[in-house]
Structures are given as structure tokens and as C-alpha cells.
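Undergrad: Before I ask anything, let me first share the structure, which is written out below as C-alpha cells.
A short reminder: the numbers here are calculations on the coordinates, not readings from a lab. Since the structure is predicted, the reported quantities are computational estimates derived from the model, not experimental observations. Cβ sites come from the backbone with ideal geometry, for glycine too, and all protein chains shown count toward neighbours.
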Amino acid sequence: MDGYAFKKESLELTYEVGDDIGSGNFAVVRRVTYRDSGQEYAAKFIRKRRGGGRKGARMEDIHKEISILRSLDHRNVISLYEVFETSQEVILILELVTGGELFDHISRKDHLGEEEASAFIGQILHGLKHLHDNNIAHLDLKPENIMLLDRNSQSIKLIDFGLAQRISEKEDIRALMGTAEFIAPEVVSYERLSLATDMWSIGVITYILLSGASPFLGDSQQETYHNITALNYEFDQEYFENTSDLAKDFIRRLFVKNPRKRATVDDCINHAWIRPKKQNEELQRKSAVINIDNFKAFMARKRWKQSMRVVSLCNRLSRSMLLRKSTDTLGSRNTLDEERREKLPSITERNAAPDSKEPKVQNGPLDKIDEPVVKKLPNDVKDLGEEQKELLNVKGNNNILSQLGSQTRTTDKLSFSGMTCKSPGAVACASARPFATLKSPKLVTIDDDVIEC
């Protein structure tokens with residue numbers, strides 16, 4: 001387990017490879033067990049981009065992620081242990097984090113005071129300070145990348161450094177990256193990125209945690225971008241009735257358009273909401289609570305929209321399979337017709353042999369293509385409401401969902417039609433980012449499907 005040199009020998013000589021536990025655009029994460037000790041780790045299999053293709057990660061991006069992870073060593077940041085390489089993949093052996101997303105953990109609570117909420121944000125800040133002290137910006141801070149070490153722990157881990165960048169005065173880094181509702185104004189405006197870009201995301205995460213509402217999310221991506229650049233947000237009484245003034249001040253210092261005037265990670269760690277210095281500040285924080293009911297609703301809408309991705313993906317797969325079946329049927333019939341035409345006698349031969357028993361070929365229409373079978377999820381989807389279950393009736397052939405299973409990532413426990421999921425409604429398409437969550441019910445279009453969320 002020593003050193004970080006890329007190992008060329010087979011991973012399976014050292015580790016026993018287990019089940020998939022997550023996936024992304026170009027990577028699959030599997031649970032692995034170190035054969036000598038029985039210790040479990042997470043192995044991230046990153047597919048290399050080959051030649052001039054677009055599938056797979058560029059080697060320079062893989063090296064960058066590894067270089068950043070090597071330079072980090074903090075209790076609130078995921079650890080990298082070693083790296084293997086094959087002709088097609090680079091495999092990162094990482095610390096295994098099994099506690100799930102912080103926000104999922106909080107949504108299972110019936111009550112959460114600001115004192116406990118600020119402690120969670122404090123851990124995030126301490127992990128982020130370690131990054132910033134090493135001149136590294138994460139650039140993709142969002143709830144999905146903030147995990148708990150295990151089910152019995154309150155210890156937070158920052159994960160997913162695929163977009164992280166080393167920041168220096170000499171380099172002018174500009175990029176459109178991240179998830180729309182969490183990105184800073186300088187990302188939208190394609191201006192220079194800095195360590196302060198992460199701090200804006202901390203403000204969004206804190207706002208959502210306290211209220212169960214997203215501060216800048218609009219009905220479209222363009223509206224979201226406009227809200228971000230225009231600083232169009234407010235502390236609605238409906239969402240912040242029991243929120244302390246200290247918490248609001250903490251957020252205001254982060255929602256500053258000019259990155260140079262935005263609160264730094266050290267400013268935030270020393271803010272009175274994170275580290276009270278006076279008795280009245282401590283009492284104010286202890287007496288305030290987060291809007292847990294609205295937060296639960298926020299998480300429920302998020303899971304619901306993620307489940308709609310499954311419906312949308314199933315529909316796309318169904319259409320694709322029907323098109324392929326139609327093409328195959330046409331090709332098969334054309335081939336058959338050609339073979340039969342080759343066997344038919346010529347007109348001269350038929351006139352010469354009128355008593356021939358050669359059968360006549362009737363060129364009628366193609367066989368009717370089977371209509372898609374409507375498949376319902378079984379009754380063990382207990383956590384979904386009746387309307388949700390009805391919407392999850394998936395159009396497609398019998399093997400649609402089994403094929404879908406290899407193209408999705410899961411986060412809790414549910415099994416249906418050959419696909420194993422971990423949490424009802426918590427399945428997301430592996431090749432796309434999770435849907436943004438709206439403050440209130442909206443009509444949302446997902447591909448060709450319009451749903452109410």
C-alpha cells in the first residue's frame with residue numbers, strides 16, 4: 001500500500017473486486033477488499049480516452065485528479081492510497097465512504113438545530129481550508145459531494161475532485177463547470193476562477209440546509225444564471241421563520257458578486273455562526289432551528305426528479321430498441337426477398353414451363369412491429385406515492401430495465417425488473433447530473449415527458 005506509482009500488475013492479485021457502488025460519465029466505483037488484511041476500499045475505474053475519440057477521460061485530466069488527491073491529507077477529505085493502470089483504465093484505490101450524502105442523513109431527522117447544522121458546515125469549511133491552503137479549488141461543491149464516513153459517524157468527507165484545479169496568480173483559469181444552481185457569478189460570466197469560487201457554493205449549500213429552498217434556482221437554466229449574476233435572492237419568511245440573524249449574515253457574506261470581497265474560508269471559520277465568541281451569539285444559535293419540514297420536501301422532490309430520469313431513460317431505450325427492431329425487420333425482409341428473387345425462374349423459363357410448381361412470392365407489407373409492452377414496477381416500491389408509481393409505468397420491451405441497470409447509479413435499496421437500486425426514487429442517470437430542485441411544484445419537461453414536481 002506504499003507509494004503512489006502507477007502499478008501495472010493486475011488489480012485482482014491484490015484486491016478482491018466486489019459490487020458497483022457508484023458511477024459517473026467515464027468512471028465506475030466498485031467496493032474492493034485488500035486480500036492480505038480484509039480491509040475494504042473504494043476502487044474508481046476511470047476509462048481512458050483512446051485516439052481521437054470522445055469517450056473516456058483524457059490522461060492529463062486523470063493525472064491532474066491524482067496529483068491533487070496525492071497532495072491532500074485531511075480528516076474531512078477523501079484519501080487516495082494507490083493507483084493501478086491497464087491498457088484501458090486507470091484505477092484509483094480510495095478511502096471507502098459508506099455513510100451516504102449528508103443531506104440524506106439530515107432528511108431522516110425530525111429536528112435539527114442550527115448549532116448542529118453549523119457544526120456540519122464547520123467540518124466542510126475545515127476540509128475546504130486544507131484545499132485552499134494548498135491552492136486547490138474544488139469547483140464542484142454540492143450536496144452530492146459531501147458524504148458521511150459511515151452510518152455511525154458524523155464525520156464529513158469531501159469527495160469527487162474531477163473538476164478541481166490548482167489556482168495560481170500566473171494562471172488565468174476560466175471554465176463553464178459545475179452544477180447550475182451552485183456555481184458562482186464568475187463561472188456564469190466566464191471570468192477568472194479563484195478559491196473564492198468555492199465560497200459561493202458554501203453559501204448555496206448553507207442556504208438550502210437552513211431553509212429547504214434553493215436561492216437562485218429558476219424555471220430554466222437561463223433564469224438560474226440570471227438570478228446568480230443579478231444576486232436575485234431573498235430570505236423568504238416562509239422558509240427562514242426560525243433562522244437566526246447570525247446564519248443569515250454568514251450567507252450574505254458569501255453571496256457577494258466580487259470574488260475579492262467575498263468571505264474567505266478563514267473568515268467563515270471565524271464567523272460567529274460557526275465559532276460564537278459571545279454568550280448571546282451562542283444562545284441565538286442554540287435557539288434557532290432549520291426548516292426541517294421544508295428540507296424533507298426539498299429532498300423528496302429531488303429524489304422524485306431523479307426517478308423521472310429513469311422513466312426518461314427507459315423511454316429513450318424503448319424508442320431506440322423499437323427503431324433497431326424496425327431496421328432489423330426491414331433488413332431481414334429485404335434479404336429474404338433478395339434470396340427468393342434469386343431462386344425465381346426468369347419470365348422466359350416460366351413461360352416455357354407453365355406447369356412448374358415454383359410457388360408465387362407475394363410482396364405484401366412488412367410484418368407489424370410489436371407495440372411496446374407496458375411494464376409496471378412491482379409492489380415493493382413502498383416509498384413512492386400512487387401517482388408516482390403510475391408515472392413509473394415504463395414503456396418498453398421486457399429487458400429494458402435489465403439493460404438500464406448497467407447504465408445507472410444508485411444510492412440506497414430497491415430491486416425491480418433485474419435492476420437493483422438503493423433508494424426508491426434515488427436513481428440517477430449515470431451520464432448526467434442530478435436535476436435541480438424547485439422551491440415549489442412546477443411543470444418540468446424531461447425529454448418528451450412533461451411532469452409535475
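Undergrad: Nothing charged except the Cβ atoms of Lys and Arg (+1) and of Asp and Glu (-1): what's the magnitude of the dipole of the stretch 6-94 about its Cα centre? Round to the nearest 20 debye.
TA: Numbers: 16 positive and 14 negative charges, 106 e Å.
So the dipole magnitude of the stretch 6-94 works out to roughly 520 debye.
Undergrad: May I ask for the percentage of alpha-carbon pairs in the stretch 169-318 that lie more than 28 Å from each other?
TA: Working: 3231 of 11175 pairs.
Counting pairs separated by more than 28 Å, the tail of P(r) holds 29 percent.
Undergrad: Lys/Arg Cβ at +1, Asp/Glu Cβ at -1, dipole of the stretch 102-290 taken about the Cα centre: which of Leu210, Met199, Pro143 is farthest positive-ward?
TA: Toward the positive end, the furthest listed residue is Met199.
Undergrad: Turning to a different aspect of this structure: Kirkwood Rh and Cα-based Rg: tell me the resulting Rg over Rh for the stretch 6-94, rounded to two decimals.
TA: Numbers: Rg = 13.1 Å, Rh = 13.6 Å.
The Rg/Rh ratio comes out at 0.96.
Undergrad: Find how much the distance from Asn152 to Asp133 grows on full extension, using 0.36 nm per residue of separation minus their present alpha carbon separation; answer in nm with one decimal.
TA: On the way: separation 19, 0.36 × 19 = 6.84 nm, distance 2.97 nm.
Going from the current span to full extension adds 3.9 nm.
Undergrad: Once you place label points 7 Å from the Cα toward the Cβ at Leu13 and Glu171, how far apart are they in nm?
TA: Modelled inter-label distance: 3.4 nm.
Undergrad: Quick one: Cα centre-to-centre distance for the stretch 97-122 and the stretch 202-232, in angstrom?
TA: The stretch 97-122 and the stretch 202-232 have Cα centres spaced 20 Å from each other.
Undergrad: Given the pairs Lys170/Lys257; Lys8/Lys55; Lys48/Lys257; Lys129/Lys305; Lys64/Lys157; Lys142/Lys248, which are separated by over 26 angstrom at their Cα positions?
TA: Details: Lys170/Lys257 23 Å; Lys8/Lys55 23 Å; Lys48/Lys257 38 Å; Lys129/Lys305 33 Å; Lys64/Lys157 20 Å; Lys142/Lys248 19 Å.
Going by Cα-Cα distance, Lys48/Lys257; Lys129/Lys305 fall outside the 26 Å limit.
Undergrad: What is the spin-label model distance, in nm, from Thr33 to Ser320 if the labels are put 7 Å beyond Cα along the C-beta direction?
TA: Taking the two extended label points, one gets 3.4 nm.
Undergrad: How long is the gain from Gln88 to Arg275 if the chain were fully straight, where each residue apart is worth 0.36 nm and the alpha carbon distance is subtracted?
TA: Details: separation 187, 0.36 × 187 = 67.32 nm, distance 4.82 nm.
Gain on extension, Gln88 to Arg275, equals 62.5 nm.
Undergrad: Using Cβ counts within 10 Å as a stand-in for footprinting exposure, how do Asp266, Asp198 rank, fewest first? Mind showing how you got there, number by number?
TA: Numbers: Asp266 12, Asp198 25.
Ascending Cβ contact count within 10 Å gives the list Asp266, Asp198.
Undergrad: Let me ask you something else. To the nearest 0.05, how large is the calculated FRET efficiency for Asn25 and Lys286 if R₀ is 56 Å and r is the Cβ-Cβ distance? Write down the numbers at each step before the final one.
TA: Details: r = 43 Å, r/R0 = 0.77.
With R0 = 56 Å, the Cβ-Cβ based efficiency is 0.85.
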